Amino acid sequence: MSLCVGLMSGTSADGMDACLVDITEQQVTLIDALCIEYPREVSEFFKAIAVADNLSAELVMDADRLIAQYGVQAVVTLLNNNQIDASEVELIGSHGHTLRHRPQPDGFSWQIGDPSWIAEHTGITCVADFRRRDIAAGGEGAPLVPAFHQHVFADREHSAVLNIGGVANLTLLNDTLTGFDTGPGNALIDEYCQRILGQTCDSNGSLAATGVIIPELLEQWLAHPYFAEEPPKSTGRETFHLDAFLPAQYSATDADILRTLTELTAATVSTALSKWSPATRELLVCGGGLKNTFLIERIAALSPEVKVQSSAEAGADPDWMEAMAFAWLGWRTMKGLSGNASTVTGAQGERILGGIFPA
């Protein structure tokens, strides 16, 4: 038995997820989880620096410390809620928050969230900076969660896993494990809602469901070169943000724009699934996008031969999958085991990921 904590701040920049898990070689058991939501101004700050052309060193370091402080708050709260002492926890696997991600060639990925601060102020060893070793070995550094999906869903045949965060990523559980970012998940939809409507999201996709697709916009968006690239591939908010996709003051109703943005996510997921794994008959969905029922309906409608359902149907909580994955990746690092799947990222081989920051 190994009690571990996973921390994850995703591209949606809505909060710090933390999960407490019990890890053995055979399984990962979720004990408890929580999310420390970011105040709106903090969320907007993280989104802004993700696409800013220039950042001062002071601003970056302030963000690095701020993410770490939210991580510490999440860990301390989680352990207090469960009456568990820090000495009982083997490690924290901290993804941090992605400040920049550039695919290969000459790729890099930068996750902020000072692991030294986390280790010092929780009293628990922190494992962090998971992506850069894979990139050093020629990989994309993303997605890393498919290896965890394979571990959790090893008994599922003809299945795939779709995580819908700010970016959507797909894991194909075939004879050879593959996975890649399909493109935008919630990012463009949420950004439009927050910027134009003053609300966090299109709850359940209810406004999008009343709109109609704008064909010329959808056609233009689907022509983006990223969608034609072959895996391994990865992307981020640097590519998929509203200013890059929607002309300023475009004349259309909010419902029609949201309908078209929703269709973009659904269509790119469905196309990727049919192109790269046509034998898939089950799609297990996790991440915040699962709560957008209209989006899930559209993915199912565009993939009629695939049973689209929550990962909960396979015994895995859809809300905490990524945080659990980084707890597991941290555990593997501490055991001297590889964490990447080279068939997913394109790295030259399996590598032990991350750095260890002792308590």
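The values are calculated or read from the model by the stated rules, or taken from the named source; none is laboratory data. Remember, predicted model here, so these are calculated numbers, not experimental data. Note: areas computed on protein heavy atoms with side chains; ligands, DNA, RNA excluded. Shrake-Rupley method; radii C 1.70, N 1.55, O 1.52, S 1.80 Å.
Each of ASP256, ASP319, ASP53, ASP106 has its accessible area taken with a 1.4 Å probe; listed largest first, they run ASP53, ASP106, ASP319, ASP256. Pairwise Cα distances in the range 287-359 exceed 20 Å in 53 percent of cases. Taking Cα atoms only, the orientation of helix 40-51 departs from the longest principal axis of the chain by about 80 degrees. Which percent of the accessible heavy-atom area of the chain goes to carbon and sulfur, probe 1.4 angstrom? Exposed carbon and sulfur together represent 49 percent of the surface.
Heavy-atom accessible area for GLU58, with the other protein chains in place and a 1.4 Å probe, reaches approximately 130 Å². Just checking the listed ones, GLN220, GLN309, GLN249: in the Gaussian network model of the chain with Cα springs under 10 Å, the one fluctuating most is GLN249. Using the alpha carbons alone, the radius of gyration of the chain stands to its Kirkwood radius in an Rg to Rh ratio of 0.95. Where a ≥ b ≥ c are the square roots of the eigenvalues of the C-alpha gyration tensor, would you call the range 142-186 rounded, which needs a/c under 1.5, or, failing that, prolate if a/b is larger than b/c, or oblate? Since a/c reaches 1.5 and a/b is larger than b/c, the shape of the range 142-186 is classed as prolate. Its residue count N fixes a reference of 2.2 N^0.38 Å for the range 92-164, and the Cα radius of gyration divided by that reference is 1.32. If you average 1/r across every pair of different Cα atoms in the range 1-87 and take the reciprocal, what Kirkwood value do you get, in Å? By the Kirkwood definition, the hydrodynamic radius is 14.4 Å. Holding the Cα-Cα limit at 24 Å, pick out from LYS233/LYS335; LYS47/LYS233; LYS47/LYS291; LYS47/LYS335 the pairs that are longer than that. Among LYS233/LYS335; LYS47/LYS233; LYS47/LYS291; LYS47/LYS335, the Cα-Cα distance tops 24 Å for LYS233/LYS335; LYS47/LYS335. Dividing the summed -39500 (n - 2.57) terms of all DSSP H runs of n ≥ 4 by the residue count of the chain sets its mean residue ellipticity at 222 nm at -11000 deg cm²/dmol. Working note: Karplus 6.51/-1.76/1.60 with θ = phi - 60° gives the range 310-320 the couplings 5, 5, 4, 5, 9, x, 10, 4, x, 7, 10 Hz, where Gly and Pro are set to x.
To the nearest 10 square angstrom, how much accessible area does LEU261 have with a 1.4 angstrom probe? Its heavy atoms expose roughly 0 Å² to the probe. Ligands, DNA and RNA aside, ARG102 has an accessible area near 110 Å² when probed at 1.4 Å. Residues considered: THR239, THR253, THR98. Largest GNM mean-square fluctuation over the chain, using C-alpha springs under 10 Å, is found at THR253. Size of the range 199-318: Rg and Dmax of its alpha carbons, in Å, are 14.9, 45. Helix 254-276 and the longest principal axis of the C-alpha atoms of the chain enclose an angle of approximately 70°. The ellipsoid equivalent to the alpha-carbon distribution of the range 126-252 has semi-axes of 30, 17, 16 angstrom, derived from the gyration tensor eigenvalues as √(5λ) and listed largest first. Quick note on the range 161-232: its Rg to Rh ratio, both from C-alpha atoms and Rh being the Kirkwood radius, is 1.04.
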